[in-house]
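Note sheet for the following structure.
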Amino acid sequence: METTPRPSGSAQVPAATILAALVGACIGAALVSSPALTSLYTAQSAAQARPVTMAARSASTPLARSMAVPSPLHAGPSALSATPNTAAGAPLIYQATTPSSAQGPGALLVATMAIVSGLVGYLWKRASAQTQAMPNMAMMASTGLKTDDNGMEYVDLAHPNGATAKIYLYGADVVSYKDDKGCEWIAVRPDAKMDGSKPISGGLSHCFPQFGPGEIQQHGFARNVDWTLVECTGQTATFELLPSDYTRAMWDKPFRCLYQVALTDNSCDTELLVQNTGEEDSFTFQAALHSYFDITSCYKINIGGSFKERTYIDKMENPPVEKVEKNNELTINQEYDRVYLGVTNPVLLDGGKGRQLNIFNNRGWKDTVIWNPYGNEDMGYDKFVCIESVAYEPVTLGPGNVWSGSMSMVPGQLNLRHQSRYR
Ligand code: TA6
């Protein structure tokens, strides 16, 4: 009998397999959007090592699963843009719960369908894998830890659309995010120390467990310790921070932080999870992403958002004074150090570069800090503005509970005709 040689890099997939896979894919798609499957997932999560479930239904991410919580991180920036920001009213803390065992016959049916569709999907994936090109080895090679000239370790992320990010283990600090057009959005001050001798004055710098001023060092310790890289896929990196002798000497609480940075088609998404790993006591903390953004010049930017009529704490006054903002757009024409309570949707409007950056504080980050050391040439005041995502009001976290703060940066073109662009 004559055999036809299989062309290299392709697979012969029987028509019946394709049909089965299509049926399986349809069932799978229906199940993915099914509330029943969501509750099934929640029950599975609850059965894991540290049982935690979330009050609100949402998509899940590997980061949240690693703490056994569903997470909104990858709802996706398009969904974020289309949906009004609801961070202020969103549930903040994932409560520890007892696993639910009562699933009922409906859940059994759903589980069976999920297994069947998963099996068909697996077979389909196996068949089609043979037809796919080899993975991009250049990109894979760039996902490991690297070391700079100062001996500081970092990871590079790269998205197929050309967007990139660079994140140091020291402070898990994102010191660069370039969008798909190669535009840099993150600033590092010219006076920043890049050798680990002090926190990096730049990037998306972590303030935890204190924003300050307070009992421990200003901005806490999370920005001046090495985090551990626990996963890196090339487009996503996840970092972990656990107590050490150094942190315990300052703040002796049983905590675990996970921080994920992800490049998507049109955004750079971040999520910080803080867990109380203790079994008895609550603890209280503040946190912030002390974000430095690259700008053309102070004189060519505005900061939009729902600032008007919001209370802010003016830290330029001594002692700080509460005031009410009169404008929706802020202009940097003086030194700024303000905590805007309840503002979660700031937009950096850069007229010099004709671009804007929407900052979506989707969960946890309830306040916005604006800082610029106007006039300070050594700090390079004219080339950056800090628009910080902050949990200023102290958060109390019970044993086993998890707090989540997620922030997405979505770059775009400045469109001066749409005055309501950030409302
Ligand atoms: O977040 C604002 C602020 O606390 C300002 O009060 C100012 O002290 C600034 O941070 C300092 O930032 P740095 O990155 O130098 O620690």
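Ordered by packing density, taken as the mean number of other Cβ atoms within 10 Å over each peptide's residues, highest first, how do 393-403, 275-285, 297-307 rank?
Those peptides, ordered most packed to least, come out 297-307, 393-403, 275-285.
Work out the charge dipole of the range 203-335 with +1 on the Cβ of Lys and Arg and -1 on the Cβ of Asp and Glu about the Cα centre, then indicate which of GLY305, THR331, LEU242 is farthest towards its positive end.
Of GLY305, THR331, LEU242, it is THR331.
Hey, got the dipole for the range 273-312? About the Cα centre, +1 on K and R Cβ, -1 on D and E Cβ, debye to the nearest 20?
With Lys and Arg at +1 and Asp and Glu at -1, about 520 debye.
Which one, GLY278, PRO320, LEU229, is farthest towards the positive end of the dipole of the range 224-329 when Lys and Arg carry +1 and Asp and Glu -1 on their Cβ?
The residue sitting farthest along the positive end of the dipole is PRO320.
Quick check: at a probe of 1.4 Å, how many percent of the accessible area of the range 192-253 sits on carbon and sulfur atoms?
44 percent
Testing the spin-label approximation: label points 7 Å from Cα along Cα→Cβ at CYS183 and ILE216. State their distance in nm.
Distance between the two pseudo-spin positions: 3.7 nm.
Listed highest first by mean packing, meaning other Cβ atoms within 10 Å per residue, what order do 236-247, 326-337 come in?
Numbers: 236-247: 17.7, 326-337: 15.1.
Output ranking for 236-247, 326-337: 236-247, 326-337.
Relative contact order for the range 270-423 using alpha-carbon pairs under 8 Å, separation at least 6, rounded to a whole percent?
34 percent
Would you mind telling me the share, in percent, of accessible area of the range 341-423 contributed by carbon and sulfur at probe 1.4 angstrom?
Heavy-atom surface of the range 341-423 belonging to carbon and sulfur, 1.4 Å probe: 49 percent.
How much net charge surrounds LYS300 when only other residues with a Cβ under 10 Å from its Cβ are counted (Lys, Arg +1; Asp, Glu -1)?
-1
Exceeding 31 Å between C-alpha atoms, which entries from my cross-link table qualify? They are LYS253/LYS323; LYS193/LYS323; LYS315/LYS383.
LYS253/LYS323; LYS193/LYS323
I need the calculated FRET efficiency for the pair LEU242 and ASP149, taking r as the beta carbon distance and R₀ as 25 Å, to the nearest 0.05.
Rounded to the nearest 0.05, the efficiency is 0.30.
Rank-order 374-381, 309-316 by packing density, defined as the average count of other C-beta atoms within 10 Å over each peptide's residues, highest first.
Put in order of decreasing packing, that is 309-316, 374-381.
The values are calculated or read from the model by the stated rules, or taken from the named source; none is laboratory data. Since we're looking at a predicted model, the values are computed, not measured. Here the Cβ is made from the backbone with ideal geometry for all residues, glycine too, and neighbour counts use every protein chain on show. Side chains included, ligands, DNA and RNA excluded: accessible areas come from the protein's heavy atoms. Shrake-Rupley method; radii C 1.70, N 1.55, O 1.52, S 1.80 Å.
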